[in-house]
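Participant: Please see the structure below; I have some questions.
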Amino acid sequence: MTKFLIENKSIVVPGEVIAEGNSEISGDAYRDGDNLRSARLGLLNIENKTLLPLSGRYVPYRGDVIISKVIDVNLNGWRLDTNSAYSAMLPLKEGVSEFVTRGADLTQFYALGDYILCKITNVTSQKLVDVTTRGPGLKKLTGGRIISVNTHKVPRIIGKQGTMVGMIKEATGCRIIVGQNGLIWIDGQPEQELLAVQTIKKIERESHVSGLTESIKSFLEKETKNTVVDR
Amino acid sequence: MTYTKRADGRRFDEMRPIEAKVGVIKRADGSAFFRIGNTSAYAAVYGPRNLHPRFLQDPQKGILRCNYNMMPFSGTGERVKPGGNRRSKEISLVTQMALLPVLNLDEYPNSVVDVFIELPQTEAGSRCAGICAASMALADAGLIMNDLVTAISVGKVDDKLVVDLDSSEESYDGIVTDLPVAILPNLNKITLMQMDGQITKEELRKVLKMAQEACKTIYEIQKSALKERYVIEDA
């Protein structure tokens, strides 16, 4: 028998009893005798039995597409800051497709401080991270601005099949790329960039409120004085 | 002369007024404020992040680093010298040991979680206020932890067992025992127990019971502060 002691879609704190009986939940919870207790601050969803994190730093996962910054140039590649506790390695072979002679200056491809959209190919148990720029859309990001958001809010910013970010792109005319690690690249007209930043910050703040798409749509309509198509 | 009434009119098992707030330092990964009477503590958590110097790194799990600091103007009016001293170093260490049992840092090898505790105003019970603030800040930082940590100082003034000694009681002219404890409210474990003074076995039992009750109250305050942080007023 399972009995949830917490209301659906409410916030639980570490150690709080979520349920009694032999219930299971995906996410950070642990069993203490007859009780299932939360092991983190999160949002409990009883319908699909999950405990969603609300805060915390990014942890690299294999397959994530992230925006990272070049922090060091080595002989055989680049070291990138991933906005997490661990830096990533971009080997020369994964960074450029053309032939590079031995001892060539690698800053001609990616210099210190450049932002790169890349994909994580492997993460070891010691959190050594390998990335690649081979793949559709992966490239160096030039121009525009980078903003940082809570990494757990990224799915809401993207929306289902990219609807949310698509809406912002269309309303502001900016090019936007959202990295899984919470860094977002925005490029467009300065005023429109600011509007996009504002909108994204609004989503980040209100991400767990129902009717988010509607409120963002009306916000964008008010700001741009145009109708926004929600696809 | 016996101690019959507390100076501020509290019952012997009553704490000073408590206030808690989460998310007070925007740039930190997690932060909290905790006030009990005239003692206030801010805690900011950064990390897990890259750890330097490298010889401190642990390839098995992340480490926790605490720093307790009283601000220069925080004491009685006598300027507290900035920078660490023996006392702050000890409190940093016991704070770390009080918090570590609830944390699970296995997911973050070679990294560090930094906890900074700053006290703008102190009047007894500062390490306990610091621990209470730090545990909320750690939860706010989204770390995996089994429980929150609550802490309170209990003790004996003359022949009375008391909860939450204030500075007048700490400097009471007679026998005073000050016993700060940190308790995990759900798992019912003690992670910090220090004592200054003396106490009998029976009294210790009684006074720990009182601490347990007080910690339950603190836990409720911490819990509602954490929940309040994420509640959005419907626009």
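The values are calculated or read from the model by the stated rules, or taken from the named source; none is laboratory data. This one's a predicted model, so the numbers in the text were calculated from it and none came from an experiment. When we count neighbours, we look across all protein chains shown, and the Cβ atoms used for this are built from the backbone with ideal geometry, even at glycine.
Participant: List the residue pairs whose Cβ atoms are under 6 Å apart, where the first residue sits in region A:1-28 and is over 26 Å from residue B:136 (Cβ atoms), the second is modelled with pLDDT under 85 and crowded, with 17+ Cβ neighbours inside 10 Å, and the two are 6 or more positions apart or on different chains.
Facilitator: Filtered contacts from region A:1-28: A:2/A:23.
Participant: Among strands (runs of 3 or more DSSP E) lying entirely in region A:67-126, which contain 2 or more residues that are hydroxyl-bearing (Ser, Thr, Tyr)?
Facilitator: A:115-123
Participant: Within region A:195-212, count every residue that is more than 19 Å from residue A:151 (Cβ to Cβ) and surrounded by 16 or more Cβ atoms within 10 Å (Cβ to Cβ).
Facilitator: Counting residues in region A:195-212 that are more than 19 Å from residue A:151 (Cβ to Cβ) and surrounded by 16 or more Cβ atoms within 10 Å (Cβ to Cβ) gives 1.
Participant: For residue B:82, which of the numbered conditions (1) more than 18 Å from the chain's Cα centre (by Cα); (2) within 11 Å of another protein chain (Cβ to nearest Cβ); (3) not hydroxyl-bearing (Ser, Thr, Tyr) fails to hold?
Facilitator: Among (1) more than 18 Å from the chain's Cα centre (by Cα); (2) within 11 Å of another protein chain (Cβ to nearest Cβ); (3) not hydroxyl-bearing (Ser, Thr, Tyr), residue B:82 violates only (2).
Participant: Within region A:61-82, track down each residue that is buried (at least 20 other Cβ atoms within 10 Å of the Cβ) and within 11 Å of chain B (Cβ to nearest Cβ).
Facilitator: A:82
Participant: Show the residue pairs that are 6+ apart or on different chains and have beta-carbon atoms under 7 Å apart, the first residue being within region B:46-59 and within 8 Å of another protein chain (Cβ to nearest Cβ), the second being of a type in the set (Asp, Glu).
Facilitator: Between residues of region B:46-59 that are within 8 Å of another protein chain (Cβ to nearest Cβ) and residues that are of a type in the set (Asp, Glu), the close pairs are B:47/B:29; B:47/B:114.
Participant: While we're on this one: In the set B:40, B:31, which member is within 13 Å of chain A (Cβ to nearest Cβ), part of a strand (DSSP E or B) and among the polar types (S, T, N, Q)?
Facilitator: Only one candidate qualifies: B:31.
Participant: Looking at residue A:61, is it in a loop (DSSP other than H, G, I, E, B) and closer than 26 Å to residue B:48 by Cα?
Facilitator: For residue A:61, the condition - in a loop (DSSP other than H, G, I, E, B) and closer than 26 Å to residue B:48 by Cα - is met.
Participant: Select, from B:218, B:190, B:144, the only residue that is closer than 26 Å to residue B:66 by Cα, within 16 Å of the chain's Cα centre (by Cα) and either within 12 Å of another protein chain (Cβ to nearest Cβ) or crowded, with 18+ Cβ neighbours inside 10 Å (or both).
Facilitator: B:218
Participant: Here's a follow-up. Sort out which residues of region B:65-119 are farther than 20 Å from residue B:50 by Cβ, of a type in the set (A, V, I, L, M) and assigned to a loop (DSSP other than H, G, I, E, B), and write them in order of number.
Facilitator: B:71, B:80
Participant: Does region A:180-194 hold any residues that are closer than 27 Å to residue A:63 by Cβ, crowded, with 19+ Cβ neighbours inside 10 Å and touching an Asp or Glu at 6+ places or on another chain (Cβ under 8 Å), and which are they?
Facilitator: A:180, A:181, A:186
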